[in-house]
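For reference, the structure discussed in these notes is given below.
The values are calculated or read from the model by the stated rules, or taken from the named source; none is laboratory data. Here the structure is a predicted model, which is why all the values come from computation and not from measurement. Cβ placement follows ideal geometry from the backbone for every residue including glycine, while neighbour counts extend to all protein chains displayed. Side chains are part of the model used for accessible areas, which takes the heavy atoms of the whole protein and leaves out ligands, DNA and RNA. Shrake-Rupley method; radii C 1.70, N 1.55, O 1.52, S 1.80 Å.
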Amino acid sequence: ALPSSQRRLFVGANWKCSLESNEEVEKILYDLAHRWDGAGPPGVELCIFPPSVYLDRARQRLGKDILVGSQNAWDAATGFSCTGVVTASMIRAVGGDWVLLGHSDRRNVLGESNSLISEKVARCLSAGLNVNLTIGEKLEAREKGEEMSILQAQLGAVLEPVSATNSWSRLVVAYEPVWAVGEGATPCSPEETQRIHAGLRAWLQEKVGSAAASECRFVYTGSVNEKNAADYAKLTDVDGFVVGRAGLDVEKLASICDTLVNCKKGVASHPGNSPVGGG
């Protein structure tokens, strides 16, 4: 099994639909391309998730050390050509590395089910994409104490396709407490975030095995910014972040990446903070 210190740190920047002009997109791509002298942030796997219409442009503007992913993908049944979708093969064809699936916007606003997301995960993995799966509970579920059963159902829906291809190192699970997301929202406390992540990793070990539990990366998403990143980065079972608004400012994004790396170095140098059962 893989110790937590050997899981590669991950930071995703989900642009959503925040940038809607060529000028805005060109500016952030220029800033990203020049921030690390043409490379990526040291010690972090950084992936940006622009809208699909900008995927090709992003891949062409950025060096290979900054990865590019799609905010969604959907493959129709074999032999059926569907209108208005972006398939995993298309994303790969323009140099995409990752795909974001299961985001609360798509689950809760567009009604995507666990079974649909499971099918998407299977098709994207088979096409060669890595998957950033988002899971999270709404406020009503949390108030009823049902958060773990909701999260286990959402993660459980993809156990079969990920295990079938032994792709646990290609899966990043982002915990997104829906009630902690959005401007003015109160983030989930670091202590609660660690409890959830550790609980999910233990559940994964029980259901699939120790290799899956140690290889799968769990990241936190929910009002993370450059000011509070350290509170989460030092947690044993937080392997990174997916950020929204903070990812639209390259200096803030760089600060979050630096904080993540430095906090993990600090944890590694104090064995008392090492993960339970991490190896």
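Filtered by the rule that a residue be polar (S, T, N, Q) and open to solvent by 30 Å² or more (accessible area, probe 1.4 Å), the stretch 110-142 gives SER113, ASN114, SER115, SER126, ASN130. Taken over the stretch 89-117, the residue count meeting the criterion of being at pLDDT 95 or above, in contact with an Asp or Glu (Cβ under 7 Å, 6 or more places away or on another chain) and either at positive phi or in a helix (DSSP H, G or I) (or both) is 0.
The single residue among VAL173, VAL243 that is β-branched (Val, Ile, Thr) and within 22 Å of LEU32 (Cβ to Cβ) turns out to be VAL243. When the test is whether a residue is among the small types (Gly, Ala, Ser), at pLDDT 95 or above and either surrounded by fewer than 19 Cβ atoms within 10 Å (Cβ to Cβ) or out of contact with any Pro (no Cβ under 9 Å at 6 or more places or on another chain) (or both), GLY63 passes it. Pairing residues of the stretch 26-44 that are more than 24 Å from VAL238 (Cα to Cα) and open to solvent by 30 Å² or more (accessible area, probe 1.4 Å) with residues that are at pLDDT 95 or above and of a type in the set (Val, Ile, Thr), at Cβ distances under 6 Å and at least 6 apart in sequence or on separate chains, gives ASP31/VAL250; ARG35/VAL250. Pairs are defined by a Cβ separation below 7 Å, a sequence spacing of at least 6 or placement on different chains, a first member in the stretch 8-23 that is surrounded by fewer than 14 Cβ atoms within 10 Å (Cβ to Cβ), and a second member that is not in a strand (DSSP E or B); the pairs so defined are CYS17/PRO51.
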